[in-house]
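Values in this text are rule-based calculations from the coordinates and carry no lab data. Keep in mind that what you see is a predicted model, and the values were worked out from it rather than measured. Don't worry about glycine lacking a Cβ; one is built from the backbone with ideal geometry, like all the others, and counts go over all protein chains shown.
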Amino acid sequence: MTDLYTSSTNVARMLEITLKETRFYREIKEEGRQEGREIGERSLILRQLTRRIGELPPVLRERVETLCLEQLENLALALLDFSSMADLQAWLKALED
C-alpha cells in the first residue's frame with residue numbers, strides 16, 4: 001500500500017511539474033497576471049479620480065472601466081492635472097477622436 005501511495009504521489013508531482021512547463025500553462029498564468037494588474041490599476045485610478053474631481057457619474061465610471069491597460073496608464077498620468085469633471089470628459093473625448 002505504501003508503494004502505491006508513494007507512486008501516486010510521485011506521478012502527481014511529475015504531472016504538476018509537466019503542467020507548469022507547458023506553454024499553455026505559462027500563457028494562462030501571464031494572462032491572469034495581466035488581468036489582475038488591469039483590475040488593480042483600474043480600481044486605483046477610479047479612487048484617484050473620485051478624490052481629485054468628485055464622485056463620477058455612472059456613464060463616466062463605465063467609460064473608464066472599459067479602458068485598456070495602456071489607456072489606464074495614460075489616464076493615471078493625465079489625472080494629475082485634472083481640476084474638474086470637464087477635464088476627464090475632455091480627455092475621454094480625445095480618445096474617440
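Note on 64, 59: ascending count of other Cβ atoms within 10 Å places them as 59, 64, the fewest first. Rounded to the nearest whole Hz, the Karplus-based 3J(HN,Hα) values (6.51 cos²θ - 1.76 cosθ + 1.60, θ = phi - 60°) of the range 52-60 follow the sequence 6, 10, x, 4, 7, x, x, 5, 6, with x at glycine and proline. Taken one residue at a time, the phi angles of the range 72-88 give Karplus couplings (6.51, -1.76, 1.60, θ = phi - 60°) of 4, 5, 5, 5, 4, 6, 4, 5, 5, 9, 6, 10, 8, 4, 4, 5, 5 Hz. Gly and Pro are set to x.
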